[in-house]
1. How large is ³J(HN,Hα), in whole Hz, for each residue of the range 226-239 in order, when computed from phi with the Karplus curve 6.51 cos²θ - 1.76 cosθ + 1.60 and θ = phi - 60°, using x for Gly and Pro?
2. Which residues in the range 76-106 have a backbone N closer than 13 Å to a point placed 7 Å from the Cα of R120 along the Cα-to-Cβ line?
3. Which shape class applies to the range 126-208: rounded if a/c is under 1.5, otherwise prolate when a/b exceeds b/c and oblate if not, where a ≥ b ≥ c are the square roots of the Cα gyration tensor eigenvalues?
4. So if I place +1 on the C-beta of Lys and Arg and -1 on the C-beta of Asp and Glu, and nothing else carries charge, what would the dipole magnitude of the range 168-264 be about its Cα centre? I want it in debye, nearest 20.
5. With every protein chain left in place, what is the accessible area of V153 in Å² (1.4 Å probe, nearest 10)?
6. For Cα Rg over 2.2 N^0.38 Å, one of [x] 0.94; [y] 1.16; [z] 1.03 was computed from the structure I shared and the rest are decoys. Which label?
7. So how do 169-182, 137-150 stack up, highest first, on mean other-Cβ count within 10 Å?
8. Positive end of the dipole of the chain, charges at C-beta (+1 Lys, Arg; -1 Asp, Glu), about the Cα centre: which of A249, S81, A232 has its Cα farthest in that direction?
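The values are calculated or read from the model by the stated rules, or taken from the named source; none is laboratory data. Everything numeric here is computed off the predicted structure, so don't read it as measured data. Neighbour counts run over all protein chains shown; Cβ positions are idealised from the backbone, glycine included. Ligands, DNA and RNA are excluded from the accessible area calculation, which covers all protein heavy atoms including side chains. Shrake-Rupley method; radii C 1.70, N 1.55, O 1.52, S 1.80 Å.
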Amino acid sequence: MQVAQGDLGGALTSYRDSLAIRERLATSDPGNAGRQRDVSVSYEKIGNVQIAQGDAGGALTSYRDSLGIRDRLAKSDPGNSGWQRNLSVSYAKVGEVQVAQRDLAGALKSFRDGLAITDRLAKSDPGNAGWQRDLYTFHTFVGIAQVDQGDLVGALTSYGEGFAIVDRLAKSDPGNAAWQRELSVSHEKIGDVQVAQGELADALKCYRAKFAIIDRLAQSDPRNAGWQRDLAVSHSKIAKALRRMGKVAEALAALRRSHGSWFA
């Protein structure tokens, strides 16, 4: 409630008070995995507030404290998919802070550690869409870190692996707007790498594929401001690719459509 109201200081105090209680309970019953999990959740919530406050260093410490507990729980019961997923979430949280702090090597390791977990979970239950989405997300995280490191070839491979997953998800449930949007994002990320590599024709195909998806979503819900923003961004990406290809007239037309989308 305090976070929703914008009272981050109050929320941090409340979460720390809760942490103190949970730590006492966990200490009194070290073998109780549920109480250990509760402590890890408190650390994560504290980290989330610290991120919102701009305290990346404090958040990293909190997330690592949460990760340490979750790592022990996961190792104590390797067959517990809940413990395993919680650990992967911690790796994602740590990795995101490391990216923000420009510790790219550390971020890449964190994301790859999370990827290894989600890969095992996805293989253990191929029909579980949640596990598949997690796997797609970690491939994307790895790709982002690789782009930041300048490893465009590696990033394209990572994004491609993620694309294959989200493409299957989107095809399995065409009416799922979330899957469709994730697929559009995947097209865009691949296109961005191709632009950086100078593969402008391939990038344009990706941007247009994204546009086709977002256009359908926007038409299905014209009042959705998020779809309209995505549509504007899509037009802008197409315009930039066309301009770099020397197709100025087409680029200008796409740019005008972009401005129209913003004010739809």
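1. Each residue of the range 226-239 in turn: x, 5, 5, 5, 4, 5, 5, 4, 4, 4, 5, 5, 4, 4 Hz.
2. 76-88
3. Taking the square roots of the gyration eigenvalues as a ≥ b ≥ c, the range 126-208 is oblate.
4. Roughly 200 debye for the range 168-264.
5. Here the accessible area works out near 100 Å².
6. It is the value labelled [y].
7. 137-150, 169-182
8. A249
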